[in-house]
Amino acid sequence: MISVDGLAVEFGGTTLFKDISFQINEKDRIALMGKNGAGKSTMLKILAGVRQPTRGQVQIPKDCVVAYLPQHLMTEDGRTVFEETAQAFAHLKEIEKEIEQMNTELSTRTDYESEDYMQLIEKVSALSEKFYAIDMTHFEENVEKTLLGLGFERSDFNRPTSEFSGGWRMRIELAKLLLKDPDVLLLDEPTNHLDIDSIQWLEDFIRQSAKAVVVISHDRKFVDTITTRTIEVTMGRIYDYKATYSQYLELRKERREQQQKQYEEQQKMIQETKEFIERFKGTYAKTLQVKSRVKMLEKLELVEVDEEDTSRLRLKFPPSPRSGNYPVIADGVGKAFGEKTIFRNASFTIKRGEKVAFVGRNGEGKSTMVKCIMDQLEHDGTLTLGHNVQIGYFAQNQASLLDDNLTVFQTIDDIAKGDVRLKIRDLLGAFMFGGEESTKKVKVLSGGERTRLAILKLLLEPVNLLILDEPTNHLDIKTKDILKQALVDFDGTLIVVSHDRDFLDGLAGKVYEFGNQRVREHLCGIYEFLETKKMESLLELERRNP
């Protein structure tokens, strides 16, 4: 369907990738993987036609519809949520108009036997077939189902898009793309602004309704659920696996071991050849053999070993100062903004050493509860923090609170204490701030880089209650693994707000569900909770349809 041939991208003297070729076929579900900076988003932009390669070409059939969701959107205001989403069908009005014009032309022409007339009939037939294949009778219902699936309420439909945050506008754009029923769907980090319910809805939609999909995502569970093929971008080239992400990790490990073996064998052969040349270069009888081996070395294609994964480095929080037995006790806590009640009468107790997750749809009060615990918001009821509780807090906007005038190294050096000071370079390297990256000023860092730095800074502060509000939004899988392991090893108390199921799995032993103005406690991990949720959904359906 889409053919990529000899693709190369170069800028500023750097080669991002060279001579890349592959095909995207019907029903392909491709995960585009690789470390930050490998060129994944650039590749997606080239496939979408919003960026041109230095060399090579992308061939897309004329009637192939490609839809692209970038990481960052420039959105227009002026319509309601429903009107903006319904723009997905605007192109159909154009097709209808074109069919009308052609039919008018056919009715006025008299050159029935001409080739031109026959071509016009074929064109109007093909276009009509395409137009009437789309069921326009249910388009309003489809818009409604898609918006509800992505987390909007019916009361949101007639609100102006200007009232919504960037994350919710991203959902509107995603809804438009899905409703276009594209032949190829290109998604760059689609789950960053979705809650767990919406991610599951999107997974089901892609598995049941989508055609070809190419996705970049740091959500391992999402990628494993929806993709069957993995293309890894690394060191300027690609490796193409007919495998899910988890299977690809095993295959990549095997590949790297083979490369290492070939590299070592080649290095041994090169060394032996150089020794032979050195030994016999002045010997008349061996002149031809020496020349032959010199030429062989000149033409030899060196074996390269793919970049080593540095995620084996384990980070550890400093030992936690001991807190009281119950770091957080909530009793009848409620919060409303004007007429809108977020939650009411929430009562729960978090024990020392517990690791709990706050989950639920966006806007149901997870971050609000965190701000109440942090004493940043007034609320009803009482919230009591235990004896000697020392809080480490990562807010959703934490990255913007870093000092712009410090370098990356200075940011960490300022708070590192004890033995950690000797490992600052290693820590920075593990969080992809190795070498020259550590001398960058904070003000020139991207959003994802700032998030990584803010989390690394938090890792070094001695606290006994960690509260993390969506810490993984801009982290790649490798960095998330490092953070998750550090949190598993953390000997204090943890509250984490997250929509990332893979991140929460094995980390949180208790789940607090926010929804319908209530906070419900589930004494289980994230996957048991999700199974319970599906059962509840089925029971609700039975109640509604007796």
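The values are calculated or read from the model by the stated rules, or taken from the named source; none is laboratory data. Given the structure is predicted, the values throughout are model-derived calculations rather than measurements. As a convention, Cβ positions derive from the backbone with ideal geometry for all residues, glycine included, and neighbour counts pool all protein chains shown. Keep in mind that these areas ignore ligands, DNA and RNA; they rest on the heavy atoms of the full protein, side chains included. Shrake-Rupley method; radii C 1.70, N 1.55, O 1.52, S 1.80 Å.
Look at (1) more than 28 Å from residue 369 (Cβ to Cβ); (2) crowded, with 20+ Cβ neighbours inside 10 Å and you find that residue 437 fails only one, number (2). Restricting the first member to segment 507-534 and to residues that are at positive phi, and the second to residues that are among the charged types (D, E, K, R) and assigned to a strand (DSSP E or B), the beta-carbon pairs closer than 6 Å and six or more apart or on different chains are 517/344.
Answer with yes or no whether residue 403 is in contact with a Lys or Arg (Cβ under 7 Å, 6 or more places away or on another chain) and either of a type in the set (D, E, K, R) or open to solvent by 60 Å² or more (accessible area, probe 1.4 Å) (or both). Reasoning before the result, please.
Working: in contact with a Lys or Arg (Cβ under 7 Å, 6 or more places away or on another chain): no; either of a type in the set (D, E, K, R) or open to solvent by 60 Å² or more (accessible area, probe 1.4 Å) (or both): yes.
Here the answer is no, as residue 403 does not meet what is asked.
Tell me which residues, restricted to segment 444-459, are closer than 18 Å to residue 494 by Cα and modelled with pLDDT under 80. Answer for segment 444-459, where residues must be closer than 18 Å to residue 494 by Cα and modelled with pLDDT under 80: just 459.
Quick check: is even one residue across segment 59-76 exposed (fewer than 15 other Cβ atoms within 10 Å of the Cβ) and farther than 21 Å from residue 179 by Cα? Yes: one or more hits. Looking at segment 227-238, can you tell me whether even one residue there is at positive phi and of a type outside the set (D, E, K, R)? Scanning segment 227-238, I find at least one residue that is at positive phi and of a type outside the set (D, E, K, R), so the answer is yes.
Restricting attention to segment 206-253 and to residues that are more than 17 Å from the chain's Cα centre (by Cα) and open to solvent by less than 30 Å² (accessible area, probe 1.4 Å), the residue that is nearest to residue 142 (Cα to Cα) turns out to be 210. The residue pairs whose first member lies in segment 259-272 and is more than 17 Å from residue 298 (Cβ to Cβ), whose second member is surrounded by 14 or more Cβ atoms within 10 Å (Cβ to Cβ), and whose beta carbons are closer than 8 Å, counting only pairs six or more residues apart or on different chains, are 259/303; 259/305; 259/306; 260/305; 262/303; 263/303; 263/305. The residues listed here are 358, 337; of these, the one that is within 32 Å of the chain's Cα centre (by Cα), surrounded by fewer than 19 Cβ atoms within 10 Å (Cβ to Cβ) and either modelled with pLDDT of 85 or more or under 29 Å from residue 533 (Cα atoms) (or both) is 337. Consider segment 407-443 and keep the residues that are of a type in the set (Gly, Ala, Ser) and assigned to a loop (DSSP other than H, G, I, E, B). The one that is farthest from residue 492 (Cα to Cα) is 434.
May I ask you to list the residues in segment 1-19 that are of a type in the set (A, V, I, L, M, F, W, C) and either within 27 Å of residue 474 (Cα to Cα) or touching a helix residue (DSSP H, G or I) at 6+ places or on another chain (Cβ under 8 Å) (or both)?
Residues of segment 1-19 that are of a type in the set (A, V, I, L, M, F, W, C), as a first pass: 1-2, 4, 7-9, 11, 16-17.
Residues satisfying the conditions are 2, 4, 7, 8, 9, 11, 16, 17.
Taking the criterion of being within 17 Å of residue 404 (Cβ to Cβ), assigned to a loop (DSSP other than H, G, I, E, B) and among the polar types (S, T, N, Q), the only residue of segment 444-490 that qualifies is 446. Taking residues in segment 100-128 that are surrounded by 12 or more Cβ atoms within 10 Å (Cβ to Cβ), and partners anywhere that are part of a loop (DSSP other than H, G, I, E, B), the pairs with Cβ atoms closer than 7 Å and at least 6 places apart or on different chains are 117/109; 117/111.
Among residues of segment 79-98 that are farther than 23 Å from residue 148 by Cα, those with a beta-carbon under 6 Å from a residue that is among the hydrophobic types (A, V, I, L, M, F, W, C) and part of a helix (DSSP H, G or I) at least six positions away or on a different chain give the pairs 95/131. If you go through segment 392-401 and keep only what is in a loop (DSSP other than H, G, I, E, B) and polar (S, T, N, Q), you end up with 396, 397. With respect to the conditions (1) farther than 25 Å from residue 350 by Cβ; (2) in a loop (DSSP other than H, G, I, E, B); (3) at pLDDT below 80, residue 404 lacks only one, and its number is (3).
Within segment 153-182, track down each residue that is of a type in the set (A, V, I, L, M) and open to solvent by 20 Å² or more (accessible area, probe 1.4 Å).
Our first condition is that a residue be of a type in the set (A, V, I, L, M); within segment 153-182, this holds for 170, 172, 174-175, 177-179.
Within segment 153-182, just 179 meets the criteria.
Scanning segment 499-535 for residues that are over 15 Å from residue 195 (Cα atoms), part of a strand (DSSP E or B) and charged (D, E, K, R), we see that the one that is least open to solvent (accessible area, probe 1.4 Å) is 510. Counting only residues that are open to solvent by 10 Å² or more (accessible area, probe 1.4 Å) and more than 30 Å from residue 349 (Cα to Cα), segment 453-475 holds 1 of them.
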